[in-house]
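So the structure is just underneath, and the comments pick up after that.
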Amino acid sequence: MPSSPTLSNQRSFGLLEKYQLSKTLTNCYGSVTCSAELKHQLDRPNNDPEATLAFYLQHFHPAITRLVSRFPSLGLVVRDVNQADPYFVHTSSFPLNQIVSVLESSISLDEAIGSACDQEWVSVDDNESTLPLWRLQILTRPDALDRCTVILTAHHVILDGSSLTLFWDSLLQELNDITATTTTTNDNWLVTMDCLAPMTLASPMEARPTLPKPTLLDYGTLAGGLLKDALLPTKLRQLMGMMPLEGWEGDHAAIEAEPHKTRIKVRKIDNQSWQTLVQLAKKTYSVSPHAALHAAFLLAWAHVYPTHSTSVSTPINYRHLAQADKEMGNFVGAYEHFWTSDDLRHPPSSTAGASQFWQLAIYYHGTLQANKARSCIGAQFLGLLKYPKDYVGFWEDKRKKHRMGRTGGLEHSDLGRFDTTTKGAWHLDGLWFAQSAQTYSTALGLNSVTLGDSMYATFGWQDGSIDEANVTKVMDQFVDIIQNCGQ
């Protein structure tokens, strides 16, 4: 029997970490995922599940052992989830055969990713777990012994979107740097951290001195909004034009205590179509490919819901400001924009000769660039809330205050271009970024990442909140817009 791991208490949770943990308290969200389609030089065993698992453990064990020593977040567990001061604990070791699993079946990629998104690696009722908050599920097919799809699933308290690509870039480096041997015979494939001294977890994002801080004006604006909501009757706010605009909240109302059963559908834009969009975006219209993708998503949604308005949230990566380029964790803000149906029909852009699509991309690109530097401010207002009560109330209020029981709207989370230079026995052929449905907020999410000459898109929503036929229409229109962006 292996000895129990050594546990070292780490710091208390930061604001974004409490925000992510509160989703567990309200059971409104599962996990973030990133699925890598891999080709490996050696064929794995066929028709033998135990031998297949041993094959991957043999290769992954030395690579992951080195990986977790580089990134302490991969050895974290949590304590006091529902108490006022939750904190991290770092484990000195863990059995890899409880982290890695193999599934050989006819399940579709859509279904596999959706199921992974719904997994939860933190339990309110378990304050003793020593297993880290991430897993690897390996999907195999009997007709492709040199290929697999590995789904990385993690709780959002330890990894944000950019952490997922950092994980895959680093794991591929380790897999291709290490020649796996058969010397590891441990029944549980124990991974031990290579730490000469107790690990100290780096500070959370809001404690980084290089990050912009809220000003007195920011706090004044927030206080004014709160006072307005608290003091003015609803009818008076309506007459004064002070009520927030109502946007699309999905097709069907939320049901209390309904689980976050995530539905996922994937689309891949290959080679010429994607390269045409990238070239036009950069060279002709001076916008980012992200802005063009965002515009395609908006117009595709508007094609299906032409009379509706909607809010759209865009997560922003703040690693450069937090000086955390090579750290795993939570370093994000969010930019949110409300689009009326008239905005989408007639984008407020003065670019002559540009199509509706490119006008929208140009306008969005400009507003994003103007606002992104301070979009991390909003998350720091979470410091005004008491955990866990106020955080739970933050989510539950959305159920009470919106006609569909959720804030609704769209979210576009884009990891941008993923570049990996590592070469060797393990080759990355595809990459899919996805995350759990949210029962209190976003109605439809797009998660995107570019690899090589292709763009990989996943659309996610809570089962029953949107008619699947409408999601399919949005996706088909999204692809059509991209494929015809040069016309």
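The values are calculated or read from the model by the stated rules, or taken from the named source; none is laboratory data. Owing to the predicted nature of the structure, the values given are computational and were not obtained by experimental measurement. All Cβ positions, even for glycine, are placed from backbone atoms using ideal geometry, and neighbour counts span all protein chains on display.
Being out of contact with any Leu (no Cβ under 6 Å at 6 or more places or on another chain) and aliphatic (A, V, I, L, M) is the filter; apply it to segment 68-95 and report the residue that is surrounded by the most Cβ atoms within 10 Å (Cβ to Cβ). Among residues in segment 68-95 that are out of contact with any Leu (no Cβ under 6 Å at 6 or more places or on another chain) and aliphatic (A, V, I, L, M), the one surrounded by the most Cβ atoms within 10 Å (Cβ to Cβ) is Leu74. In segment 260-290, the qualifying residues are those that are closer than 30 Å to Ser441 by Cβ and out of contact with any Gly (no Cβ under 9 Å at 6 or more places or on another chain), and the one that is surrounded by the fewest Cβ atoms within 10 Å (Cβ to Cβ) is Arg267. Taken over segment 125-165, the residue count meeting the criterion of being under 16 Å from Phe88 (Cβ atoms) and under 22 Å from the mean Cα position of the chain (by Cα) is 12. Under the condition of being in contact (Cβ under 8 Å) with a residue 12 or more places away in the chain and part of a helix (DSSP H, G or I), the residues counted in segment 327-342 number 1. Remark: pairs (first residue in segment 295-309, more than 22 Å from Leu280 (Cα to Cα); second residue among the charged types (D, E, K, R); Cβ separation under 7 Å; 6+ apart in sequence or on different chains) = Val304/Lys473.
The lone criterion from (1) touching a Leu at 6+ places or on another chain (Cβ under 9 Å); (2) touching a residue at least 24 places away in the same chain (Cβ under 8 Å) left unmet by Asn47 is number (1). Among the residues making up segment 317-338, those that are under 22 Å from Pro132 (Cβ atoms) and surrounded by fewer than 20 Cβ atoms within 10 Å (Cβ to Cβ) are Arg319, Lys326, Glu327.
At least 3 residues being more than 30 Å from Gln380 (Cα to Cα) is the threshold, and among the strands (runs of 3 or more DSSP E) wholly inside segment 1-115 those reaching it are 32-40, 93-95, 100-104.
As a summary of the residue check, Ser22 satisfies the conditions (1) more than 30 Å from Asp160 (Cβ to Cβ); (2) of a type outside the set (A, V, I, L, M); (3) surrounded by 16 or more Cβ atoms within 10 Å (Cβ to Cβ) except for the one numbered (1). The set of residues in segment 320-333 being of a type in the set (Gly, Ala, Ser) and modelled with pLDDT of 95 or more consists of Gly329 alone. Would you be able to say whether some residue in segment 20-27 is outside the structural domain of Asn447 (by TED's automatic domain parsing), closer than 24 Å to Thr91 by Cβ and touching a Ser or Thr at 6+ places or on another chain (Cβ under 9 Å)? Within segment 20-27, one or more residues are outside the structural domain of Asn447 (by TED's automatic domain parsing), closer than 24 Å to Thr91 by Cβ and touching a Ser or Thr at 6+ places or on another chain (Cβ under 9 Å). Candidates Asp397, Asp453: the one that is in contact (Cβ under 8 Å) with a residue 40 or more places away in the chain and either outside the structural domain of Tyr56 (by TED's automatic domain parsing) or under 16 Å from the mean Cα position of the chain (by Cα) (or both) is Asp453.
Here is a yes/no grid of residues against (1) in contact (Cβ under 8 Å) with a residue 60 or more places away in the chain; (2) surrounded by fewer than 21 Cβ atoms within 10 Å (Cβ to Cβ); (3) over 21 Å from Leu42 (Cα atoms):
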position: Glu128; (1), (2), (3): no, yes, yes
position: Leu133; (1), (2), (3): no, no, yes
position: Asp143; (1), (2), (3): no, yes, no
position: Asp146; (1), (2), (3): yes, yes, no
position: Ala154; (1), (2), (3): yes, no, yes
position: Gln173; (1), (2), (3): yes, yes, no
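If the condition is being crowded, with 17+ Cβ neighbours inside 10 Å and of a type in the set (Val, Ile, Thr), then segment 446-478 contributes Val449, Thr450, Thr458, Ile466, Val471, Val474. Residues in segment 441-487 that are of a type in the set (Gly, Ala, Ser), touching a helix residue (DSSP H, G or I) at 6+ places or on another chain (Cβ under 7 Å) and in a loop (DSSP other than H, G, I, E, B): Ser441, Gly486. For first residues located in segment 54-65 and crowded, with 21+ Cβ neighbours inside 10 Å, partners that are basic (Lys, Arg) and lie 6+ apart or on another chain with Cβ distances below 7 Å form the pairs Phe55/Arg44. Looking at segment 214-222, can you tell me whether even one residue there is part of a loop (DSSP other than H, G, I, E, B), modelled with pLDDT of 70 or more and surrounded by 14 or more Cβ atoms within 10 Å (Cβ to Cβ)? Yes: segment 214-222 contains one or more residues that are part of a loop (DSSP other than H, G, I, E, B), modelled with pLDDT of 70 or more and surrounded by 14 or more Cβ atoms within 10 Å (Cβ to Cβ).
Name the residues in segment 304-326 that are part of a loop (DSSP other than H, G, I, E, B) and touching a Leu at 6+ places or on another chain (Cβ under 8 Å), would you? Hits for segment 304-326 are Ser309, Tyr318, Lys326.
Filtered by the rule that a residue be of a type in the set (Asp, Glu) and either farther than 30 Å from Asp169 by Cα or in a loop (DSSP other than H, G, I, E, B) (or both), segment 371-421 gives Asp390, Glu396, Asp397, Asp419.
Going by the conditions given, is Leu76 modelled with pLDDT of 95 or more, over 26 Å from His40 (Cβ atoms), among the aliphatic types (A, V, I, L, M) and touching a strand residue (DSSP E or B) at 6+ places or on another chain (Cβ under 7 Å)?
Against the criterion (modelled with pLDDT of 95 or more, over 26 Å from His40 (Cβ atoms), among the aliphatic types (A, V, I, L, M) and touching a strand residue (DSSP E or B) at 6+ places or on another chain (Cβ under 7 Å)), Leu76 qualifies.
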